[in-house]
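The numbers here are math on the coordinates, done by the rules we state, and not lab data. Keep in mind it's a predicted model, so treat the numbers as computed, not measured. Here the Cβ positions follow ideal geometry from the backbone for every residue, glycine too, while neighbour counts run over all protein chains shown.
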Amino acid sequence: MNLAWIAPLGSARRELKAAAIALLVSVAIGSVLMMLAGRAPGHVWWLMITRTFGDEYLVGQLLYKATALALTGVAVAVALDAGMFNIGAEGQLTAGVLGCAVVGAALPASTPAVIAVPACLLAAAGAGGAVGAAIGALRVYREANEVITSIMFNAVVAGLALWAGNEWLFQGGTTRGPAIAEGAQLPQLGFGGSAVNASLVLAVMVIAGVWWLRSRSTWGHAWLAVGRDPATAHATGFDVAHVRILAMTASGAIAGLAASNFVLGHKHAFEEGLGRGTGFLGVAAALLGRQHPVGIGVAALVLGFLSSGGIAVSDTVPKETTEVLMGVVVLSIAGAAAWVRTHDVAPEGGRA
Amino acid sequence: MIESIFSLAFFAQVLRIAVPYAFAAMGGAITERSGVIDLALEAKLLFGAFAAAAVGHATGSPYLGIVGGCAAGMMVAAVQLWCALILRADQVIIGVALNLAALGGTRFLLQLVYHEGANSPPVPGFGNSVAANPLLWLAVVAAIALPFALARTRWGLRTRAAGDRPDSLVAVGVSPTRTRFYAGLVGGALAGAGGAQLTLSVGGFVADMSAGRGYIALAMVILAGWRPAYGALACLAIAFFEAFRIQLQVSGIGIPHELAQLAPYVLTLAVLIVAGGKHGRPPRSLGKI
């Protein structure tokens, strides 16, 4: 797969220009959708912004969505950096949810948080990382296209999780497993009783950590080198196979960590379909954030806003309007970035 | 149990399940052979399914429903190709974005047109007999005709040249962009027909009814080395396991159905582990516009 486009646009100014064009296009298309639904777009946009940010609960839900998307987004970006398209964040997250919930429920009720939380996080990252490692190993040792294997693992993990649930976990006719130990539960952050929880801190830490690894460590240097040009990286002395497997393992582990938001922070148990769709939307967050950890954090907030905003204005336009907009935003940023790349060849001050 | 697998009803079931996968795989194979990454199969299936329901419901004719499905698939392909070939946006992002937009877009249209959250009004189908379903025959014809068309016709040669050596097309005065549009629109129509089958086989559109089939179909395309007929055959295998799983569930035999449904995916992984991924070569200019 050709991944040459992961090279950044060259300057922050051009990135921002692309973002501004994309924003205008998205607002225009969103306005058309609102007019189709028979509403005045200006009014709906105003309501969407004032109601979302005027309501503590909706802000909380925005942050809750964004927490998980930031993690799966960064996960996808780490693999992209190393030249692999990890469309399997969905399955890695499901593995994380299962691992996290099973370990959390197995812990004795009196386990202190200092032990319980790290144990659960380790289980989530381990389960997700194992799936990622398998995808990476198949790519390296069997030359199996990671897009196929990721899609297959998504299906396999979802099926195994459902089977494990039906066989052992689900409590009397429900699709909910046993509750995790109290010590493993992460505190809610308030916000009018919304689901946002301490996993938000985890997401910020992962963003900061990956930013540091990517821009300041030899590790990040190795995975970017392999992503840009594996042949050159090999000639320079990088162990391409090793780097790929480790990057994919890290990617899976980060996607698995997103389970913390759902299991430790909100539902406190394994549930059928918990977190579904977050892995795929994470791909959108990674691409919208242009693979940069901080960009992905912003992208996660934008997608979270669209999700909360849709609920805020659901009495005027169908809430599906903002679901369409998520796709539109991603499409316009891709189009705008390409347009800026080809049309803005002489940036001010001669800087490229 | 064994008898029920070799029954005609089971065979018919396999074919019914295989048709949407096979159309999507053939459509994806054609688009990718021209050099454009086709991650938007899911969007083409979904919009195709919705259009088939809308047209079928409005006109009362499933045949026009198929036409509507193909047209919708072509429209999605047109947007995809415009972004990829004219704007030169990244093709993977385009696919992901279109799939997202299709998921919300079809539900938005359901709300707008029928004021329904999840289901369209009923659509006339072709009855229960698989042999009476023109889409099945269309799929069979496509599976036979496409390899021939790719190998022998001017359209096919140009499509393959656009995917492998676009420079050679330029050298003989043919526009690779235009060639990719022709191939991509055919691919879109095929995937849209797959969407129509989803709707017509259950008598209506259901939100998110493509349920990841586009992704599975793309995996089969890659597994089949970008050959449309082999891709369709791989989809037949997927359908066999899906039908087998339904049979298991019905007959209540002791294999958990959650595990039985994993068979095609585990098998695909097993094939990759044993045979490796070196069997197929992607079109040389795939994704490099």
ask   = Given A:Phe153, A:Leu287, A:Leu107, which one lies farthest toward the positive end of the charge dipole of the range A:4-343, if we put +1 on the Cβ of every Lys and Arg and -1 on the Cβ of every Asp and Glu?
value = A:Leu287
query = What value, in deg cm²/dmol to 500, does the helix sum -39500 (n - 2.57) over DSSP H runs of n ≥ 4 give at 222 nm once divided by the residues of chain A?
reply = -23500 deg cm²/dmol
message = Counting C-alpha atoms alone, how compact is chain B: give Rg to one decimal and Dmax as a whole number, in angstrom.
response = 18.8, 63
remark   = Charge dipole of the range A:4-343 built from unit charges on the beta carbon (Lys, Arg +1; Asp, Glu -1), centred at mean Cα; most positive-end Cα among A:Thr322, A:Gly38, A:Gly335 is A:Gly335
request  = Taking each pair of different alpha-carbon atoms in the range A:200-352 once, compute 1/r for the pair, average those values, and report the inverse of that mean as the Kirkwood hydrodynamic radius in Å to one decimal.
outcome  = 18.2
Exposed-site-free run, longest, chain B (rule: trypsin sites (Lys or Arg not before Pro); DSSP loop; at most 15 other C-beta within 10 Å) = B:1-277
request  = May I have the convex hull volume per residue, in Å³, for the Cα set of the range A:24-108?
outcome  = 171
task = Please state the charge dipole magnitude for the protein assembly as shown, taken about the Cα centre, from unit charges on C-beta atoms (+1 on K and R, -1 on D and E), reported in debye and rounded to the nearest 20.
result = 1740
inquiry  = Neighbour counts of other C-beta atoms within 10 Å: give me A:Val340, A:Val240 arranged from fewest to most.
reply    = A:Val240, A:Val340
remark   = Per the helix-only model, chain B has a calculated mean residue ellipticity at 222 nm (DSSP H runs of ≥4, -39500 (n - 2.57) each, divided over all residues, rounded to the nearest 500) of -23000 deg cm²/dmol
ask   = Going by how many other beta carbons lie within 10 Å of each one, how would you line up B:Asp90, B:Asp38, fewest first?
value = B:Asp90, B:Asp38
request  = Compare the Cα positions of A:Met48, B:Pro166, A:Pro187 along the charge dipole of the protein assembly as shown (+1 at Cβ of Lys, Arg; -1 at Cβ of Asp, Glu; about the Cα centre) and return the one farthest towards the positive end.
outcome  = B:Pro166
inquiry  = Can you give me the distance in nm between label points at B:Arg281 and A:His43, each placed 7 Å from the Cα along the Cα-to-Cβ direction?
reply    = 6.2
remark   = In debye to the nearest 20, the charge dipole size for chain A, taken about the Cα centre with +1 at each Lys and Arg Cβ and -1 at each Asp and Glu Cβ, equals 600
request  = Could you tell me the convex hull volume per residue, in Å³, taken over the Cα atoms of the range B:18-77?
outcome  = 69
query = Comparing A:Gly220, A:Gly192, A:Gly172, which has the greatest mean-square fluctuation in the GNM of chain A with Cα pairs linked when under 10 Å apart?
reply = A:Gly172
inquiry  = Quick check: Cα centre of the range A:150-173 to Cα centre of the range A:59-88, how many Å?
reply    = 22
request  = Would you please name the GluC sites (Glu not before Pro) within the range A:15-103 that are DSSP coil residues with at most 14 other C-beta atoms within 10 Å of their C-beta?
outcome  = none
ask   = Sequence-distant or interchain residues sharing an amide H contact under 5 Å with A:Asn197, placed H: which?
value = A:Leu189
key: Sparse-neighbour loop sites [trypsin sites (Lys or Arg not before Pro); the range A:130-229; at most 14 other C-beta within 10 Å; DSSP]   = none
More than 33 angstrom apart: percent of Cα pairs within chain A = 31
